[in-house]
Structure formats: structure tokens, C-alpha cells
1. Going through B:R182, B:R187, B:R169, B:R274 one at a time, which residue ends up being surrounded by fewer than 22 Cβ atoms within 10 Å (Cβ to Cβ), more than 16 Å from B:S68 (Cβ to Cβ) and touching a residue at least 60 places away in the same chain (Cβ under 8 Å)?
2. Give the number of residues within segment A:20-46 that are at the interface with another protein chain (Cβ under 7 Å from one of its Cβ atoms) and in contact (Cβ under 8 Å) with a residue 40 or more places away in the chain.
3. Take the residues in segment B:238-248 that are in a helix (DSSP H, G or I) and at the interface with another protein chain (Cβ under 9 Å from one of its Cβ atoms), then tell me which one is surrounded by the most Cβ atoms within 10 Å (Cβ to Cβ).
4. Given the residues B:I229, B:I114, B:I219, B:I144, which is the only one that is at the interface with chain A (Cβ under 9 Å from one of its Cβ atoms), buried (at least 24 other Cβ atoms within 10 Å of the Cβ), touching a residue at least 12 places away in the same chain (Cβ under 8 Å) and of a type in the set (V, I, T)?
5. Filter the helices (runs of 4 or more DSSP H) completely within segment B:1-74 down to those with at least 2 residues that are at the interface with chain A (Cβ under 9 Å from one of its Cβ atoms) and closer than 25 Å to A:A91 by Cβ.
6. If you scan segment B:87-100, which residues turn out to be more than 7 Å from chain A (Cβ to nearest Cβ) and either buried (at least 20 other Cβ atoms within 10 Å of the Cβ) or small (G, A, S) (or both)?
7. Which fully enclosed helices (runs of 4 or more DSSP H) of segment A:167-279 have 3 or more residues being more than 9 Å from chain B (Cβ to nearest Cβ) and either under 22 Å from the mean Cα position of the chain (by Cα) or surrounded by 16 or more Cβ atoms within 10 Å (Cβ to Cβ) (or both)?
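Derivation of every value follows stated rules applied to the coordinates shown; laboratory data play no part. Since we're looking at a predicted model, the values are computed, not measured. Using ideal geometry, Cβ is built from the backbone for each residue, glycine included, and neighbour counts are taken over all protein chains shown.
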Amino acid sequence: MSDATVSRPVRFRAATEESPATRWTLIAVAVVGLGILVFAPLVTVFVMALADGVVASLESLTHKDAREAIRLTLTIAAISVPLNAIFGVAAAWFITKFDFRGKAFLITLIDLPFSVSPVVAGLCIVLMFGTNSLVGGWLVAQGYPIVFAMPGIILATMFVTFPFVARELIPVMIEQGRAEEEAALTLGAGGWRVFWTVTLPNIRWALLYGVLLCNARAMGEFGAVAVVSGKIRGQTATIPTTIEMLYQEYLSVAAFTLAAVLALLALVTLVLKTLLELRHADELAATHRH
Amino acid sequence: MKGPVIHRSPMPGLGLSMGITITMLSLVVLLPIGALLMKGANYGLAGIWETVNRERVWTALFLSFRLSLFAATLNLVFGVLLAWVLVRYRFPGRRILDAAVDLPFALPTAVAGIALTALYAPKGAFGQLAAEIGWKIAYTQWGIFIALVFVGLPFVARTVQPVIEEIEREVEEASATLGASRLHTIRHVILPMLLPAALTGFALALARAVGEYGSVIFIAGNIPLVTEIAPLLIIIQLEEFNYDAAAAIGIAMLLISFAMLLLINLIQVWSRRRIGYV
């Protein structure tokens with residue numbers, strides 16, 4: 001008897017799988033790549049923020065400029081995000097509940113801000129509402145300056161976050177069709193009642209998802225806001241523009257502490273986003289787009 | 001055969017939803033872009049050309065475009081790999097990795113900018129390592145490249161992931177039973193299916209990178225003719241209240257954006273015709 005009989009069963013590999021060596025190499029490349037590109041900068045933010053200890057970082061947050069910046073950023077988000085949510089719902093309703101010519105073109109126009117550089121977006125608003133422009137000059141004369149003031153920052157923020165809610169809602173509402181709303185209408189419900197009791201419950205998670213992404217971008221927008229705000233300390237300096245000013249004054253701890261605040265916001269956004277994707281995958285566009 | 005512009009519908013809220021949509025779209029997006037184009041029209045084609053046709057502007061535009069192209073190409077390769085690993089393999093920490101892909105979308109650009117600079121500056125953790133082999137990253141074009149790779153990272157992975165999820169195993173099994181090696185199957189069966197989505201992601205990453213400002217200016221060093229990106233030129237002109245020149249460069253960048261948008265649409269049309277889905 002030969003002792004060459006197989007002592008342990010040969011493990012067969014399915015023909016549709018890569019060899020374990022290939023698989024683990026690819027996983028390693030992905031992990032190392034993301035580690036260098038994404039995790040390292042994230043960790044750096046917190047390491048730099050805590051370079052002089054927790055007390056120093058917390059103290060820098062209580063500084064007047066930092067407090068004012070946080071207040072301004074929260075105000076801007078509180079105004080621009082709901083406005084964009086209203087736009088998103090209205091646009092999605094208009095596009096998915098009615099048939100009209102030029103629909104694809106309208107969707108392209110709504111998506112336009114995503115492909116325009118934030119700096120160009122800011123420039124557009126300066127040219128539209130700046131003191132030298134027709135509209136802006138008149139508004140300044142009436143005592144309502146737009147550029148280098150809060151309204152300009154809100155407009156710039158709305159420009160760059162404009163498509164977020166609409167583009168999340170449109171695919172979801174296309175998929176859901178109009179049958180439920182039509183049923184409610186035949187049963188005698190009014191327009192608003194149909195919206196509140198039929199449509200909104202169907203789209204609430206998608207709406208929340210869109211608002212979440214819109215908010216993260218609104219609070220973190222830098223390029224467009226830097227152009228229109230004039231970065232006046234304590235008046236028109238948002239968190240991102242204050243980070244730039246502090247950084248250029250070599251106030252590293254203060255700059256990175258504010259940056260850490262925004263990084264925490266980004267992390268919370270990602271966690272909530274992941275939770276939404278896990279719990280309500282079938283009601284979101286992002287998780288089953290084609 | 002042309003129907004009416006808007007079909008009659010029993011749905012309520014036509015006036016309200018259309019009113020809000022058109023009004024806000026005009027006020028926030030269309031009128032400001034129109035103002036830029038108007039400014040350009042007043043300035044005249046000759047004026048725009050004179051502003052753009054200067055060494056500093058050409059260099060910046062070319063630099064932005066070239067580095068964006070390199071960064072988007074790296075994102076294309078790494079993004080497809082990432083999507084494959086995240087969809088097909090099961091390993092501890094996969095969910096965290098999956099969520100981390102979106103971090104460049106969620107992290108504000110200014111935060112990414114100063115973090116990357118701190119990391120790759122000569123005294124930073126990675127900068128020191130690079131300096132030992134005489135490689136300077138921050139304040140050179142390498143720094144811009146890395147920042148652009150960072151901001152463009154999610155696009156390809158996120159467009160390719162759903163496509164990989166939809167590939168039916170039967171296709172791969174058929175290929176294997178016909179005697180193809182795994183490598184052959186991946187090259188001739190799987191990758192062609194991923195190509196349209198990957199190219200869409202590539203174009204999106206490219207468009208984003210060309211216009212990127214916040215994450216780049218900190219690490220770039222902003223030396224004229226060497227590491228000066230196109231969006232920065234607009235800011236410089238604005239700070240000198242030179243609105244005409246700013247508008248001219250802005251229009252040049254807007255045209256690049258439109259060309260990119262057209263490219264993305266063409267890719268989608270082409271892929272729909274070729275395999276029936278995007």
C-alpha cells in the first residue's frame with residue numbers, strides 16, 4: 001500500500017473565485033490604500049488638535065472668533081438646508097408627478113452645481129449681487145448688501161448643495177410611481193393631505209438621507225464661501241474660513257481644533273448615513289441605483 | 001409627433017411645485033451663472049482671450065487639468081479594485097472600510113487640506129519618510145496630486161459597486177466551464193461590464209478635481225507657474241477687484257465643466273446602447 005493516499009480532503013476552489021493569495025493581496029492593497037489616503041489625514045486632524053493637550057484645544061474653542069464662526073455656520077446651515085429641502089421636494093414632485101417636455105434638461109440644470117467649481121459658483125454670485133452689479137448696487141443702496149454679508153454666504157452655500165435632496169428623491173419617487181397618490185385623490189383627499197399622509201411617509205428616509213448629505217456639505221463649504229464672504233472676523237467668517245485664517249497665522253492647535261469639530265460632524269454624518277443604508281435600504285435611491 | 005408642453009394630470013400642486021422649482025433654480029443657480037456669462041459677453045471674446053491667453057493662466061489651467069487627469073486615472077484603477085474587494089470579499093472590518101470610502105465626500109475640503117499638508121509637509125509623518133529618500137511632496141505638484149486623489153476617491157468606487165453587485169454568477173461560471181482561466185474571465189468578461197460605470201466615475205472624479213480649491217491650496221504652496229491652480233487665479237483676480245479677468249477665467253473653467261458634463265452624458269448614452277444599463 002502506498003502511503004501517498006490523501007490524508008486530508010483537497011479543498012476545491014470554485015471557478016468563480018480568485019485564489020486566496022490573490023484575494024488577500026487585493027484586500028491588503030485596499031486596506032493600505034485607504035489607510036494612507038483616508039485614515040491617515042483623519043487621524044492627523046485629531047493628533048494636531050490635541051498637540052498641546054485637551055485643555056488647550058478646548059480653550060481655543062471658547063475664543064470669540066471660534067464661537068462666532070460656529071454660530072454663523074450653524075445659522076447658515078439652519079437657513080440654507082431647509083430651503084434646499086423644500087426645493088428638493090418641490091422639484092421631485094414636479095418632475096415625477098407630471099409629464100412635460102424638457103424634463104431631462106431640467107434634471108441636468110438641477111445637477112449643474114455639482115460640476116461647477118465652488119470658486120466659480122462664488123464668482124457667479126459676486127457678479128450677480130456684488131456692489132458693481134445692477135441688482136447688487138440697488139440692493140446695497142437700499143441697505144441690503146448681499147456679498148460680503150450673510151445673504152451671500154447663504155446663496156453660495158445653497159448653490160453648491162443645491163442638487164443633494166432633489167437627486168436623492170427623484171429616483172425614489174419615480175420608482176414608487178403615482179398609484180398611491182391617485183388612489184388617495186379618488187378617495188377624496190385634498191392635495192396637501194395626499195402629500196402629508198401618502199407621499200411624505202414614503203419618502204421620509206430618502207429625504208432625511210438627502211438632508212444629511214446637504215447639511216454636511218453646507219457646514220463644510222469653503223471655496224464658494226471664501227469668495228463671497230470677505231472673511232470678516234466675527235461677522236462673515238464661517239468655520240472653514242476661520243480654519244484657513246488661523247492656519248495661516250500659525251495657530252495650529254486652534255485651526256486643527258475647529259477642523260476636528262468639522263471632522264466629528266463628518267464622522268457622525270457617515271455613521272447616520274450607514275445606519276440609514278442598513279435599515280432602510282429599500283427606501284433609498286443610493287443603495288439601489290442602476 | 002409633439003404633445004402639449006405639460007400633459008394634463010389629476011395630480012395636485014402643479015403650479016406650486018413648478019413655481020418653487022423654477023424660481024429657486026433661477027435665483028440660486030441660473031441667474032448667477034447668467035451673470036457670469038453676461039459679464040463675459042460685455043467683456044467680449046477678444047478680452048476673454050487676451051486674459052486667458054497669458055502664460056500664467058495657461059500654465060494654471062493646464063496644470064489643473066493635467067494633474068486632475070493623473071489623479072482621476074489612479075482613482076479609476078484603485079476605485080475598481082476597491083469596489084471589487086468591498087462587494088465580493090468578506091473580511092473583518094469590511095463595513096468600516098465601506099463607510100470610509102465616503103469620507104472624502106463628508107470631510108470639508110479645508111479640513112482635508114490642512115490635514116494633508118500637516119501629513120506631507122517636511123516635518124509631517126509621511127513627509128519625513130519621503131524626505132529621507134529626497135522626495136518633496138507638500139508644496140510641489142505631488143502635493144496637489146495627492147489632494148486631488150483624496151477628493152476624487154469615492155467616485156469610481158461608488159459608481160462601480162452597484163454594477164458588480166448585479167453581475168450574475170452564471171456569466172462567470174459559463175466562462176469558466178468554457179475553459180477560461182480566472183484572469184481571462186476577469187479581463188474579457190467582467191472588466192468590459194464594469195467599463196461604462198468606471199468611465200462615468202472617472203469623468204466625475206476628473207470634473208471634481210479640475211474645480212477643486214479647498215483641499216489643494218494649503219498643500220500646493222501656490223507658486224506662480226509651478227503650483228498655482230486655475231481656481232486660485234480667480235480668487236487672486238477678485239482680491240484685486242479685477243472682475244473682468246476673474247470672469248474670463250471663470251468662463252474658461254465653466255466651459256471645461258460643460259465639456260465634462262457632456263462627456264459624462266455621452267458615456268451613459270453609449271453604455272446604454274451597448275449593454276442596456278449604466
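1. Working: B:R182 fails: touching a residue at least 60 places away in the same chain (Cβ under 8 Å); B:R187 fails: touching a residue at least 60 places away in the same chain (Cβ under 8 Å); B:R169 fails: touching a residue at least 60 places away in the same chain (Cβ under 8 Å).
The conditions single out B:R274.
2. Qualifying residue count for the region: 2.
3. Across segment B:238-248, the extreme among qualifying residues is B:A247.
4. Working: B:I229 fails: at the interface with chain A (Cβ under 9 Å from one of its Cβ atoms); B:I219 fails: at the interface with chain A (Cβ under 9 Å from one of its Cβ atoms); B:I144 fails: at the interface with chain A (Cβ under 9 Å from one of its Cβ atoms).
Only one candidate qualifies: B:I114.
5. Numbers: elements: B:14-24, B:31-43, B:45-52.
Output list reads B:14-24, B:31-43.
6. Scanning segment B:87-100 gives a single hit, B:G93.
7. Working: elements: A:179-186, A:191-194, A:200-220, A:223-229, A:239-248, A:252-279.
Because the criterion is at least 3 residues that are more than 9 Å from chain B (Cβ to nearest Cβ) and either under 22 Å from the mean Cα position of the chain (by Cα) or surrounded by 16 or more Cβ atoms within 10 Å (Cβ to Cβ) (or both), the helices (runs of 4 or more DSSP H) in segment A:167-279 that meet it are A:200-220, A:223-229, A:239-248, A:252-279.
Let's see how each residue does on (1) farther than 30 Å from A:T242 by Cβ; (2) out of contact with any Phe, Trp or Tyr (no Cβ under 9 Å at 6 or more places or on another chain); (3) hydrophobic (A, V, I, L, M, F, W, C); (4) free of Cβ contacts under 8 Å to residues at least 24 places away in the same chain:
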{"position": "A:Q176", "(1), (2), (3), (4)": "yes, yes, no, no"}
{"position": "A:E180", "(1), (2), (3), (4)": "yes, yes, no, yes"}
{"position": "A:A184", "(1), (2), (3), (4)": "yes, yes, yes, yes"}
{"position": "A:R193", "(1), (2), (3), (4)": "yes, yes, no, yes"}
{"position": "A:G210", "(1), (2), (3), (4)": "no, no, no, no"}
{"position": "A:L213", "(1), (2), (3), (4)": "no, no, yes, no"}
{"position": "A:M219", "(1), (2), (3), (4)": "no, yes, yes, no"}
{"position": "A:V225", "(1), (2), (3), (4)": "no, yes, yes, no"}
